[in-house]
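See structure below.
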Amino acid sequence: MSDVWILRSIGGRDRATGAPLRGVLAAADYHNHAVPLEEEFCGAIGRLVAAGLVAADPAGDRYWLTAAGVPLAERRGSFAAVLADLERVALPAAPPWRLPAGTFRAAVDAYLG
């Protein structure tokens, strides 16, 4: 479910310039009334990037949907319905995706601050 959660959280952000991590976390909180754990975020981003649905520039603090990711992020319905669509995309097993140390905590603090 974290894949759908993060996909939709990036989907609600500015597609032209991408969203900062703080913005993705704020949207995630809006969608699920919770801030994801770093492990949830990194796992989902790794799979979504490997599938070509999301692009990420952690050094530039930007995350955005690709053309392939937009229709899935905009799909209406429950998380389970979108998850079924993601399963049809066959998200690949991705190598561990990590943020630089302290990046996630700083974004959470900025959002909750």
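Residue count for region 57-77 satisfying the condition of being closer than 11 Å to W97 by Cα and open to solvent by 70 Å² or more (accessible area, probe 1.4 Å): 0. Scanning region 35-56 for residues that are free of Cβ contacts under 8 Å to residues at least 40 places away in the same chain and open to solvent by 40 Å² or more (accessible area, probe 1.4 Å) returns L37, E39, E40. Within region 57-78, the only residue that satisfies the criterion of being in contact (Cβ under 8 Å) with a residue 60 or more places away in the chain and charged (D, E, K, R) is E74. Restricting region 97-112 to residues that are among the aromatic types (F, W, Y) and in a helix (DSSP H, G or I), the residue that is nearest to L21 (Cα to Cα) is F104.
The values are calculated or read from the model by the stated rules, or taken from the named source; none is laboratory data. Since the model is a prediction, treat every value here as computed from it, not as a measurement. As a convention, Cβ positions derive from the backbone with ideal geometry for all residues, glycine included, and neighbour counts pool all protein chains shown. Side chains included, ligands, DNA and RNA excluded: accessible areas come from the protein's heavy atoms. Shrake-Rupley method; radii C 1.70, N 1.55, O 1.52, S 1.80 Å.
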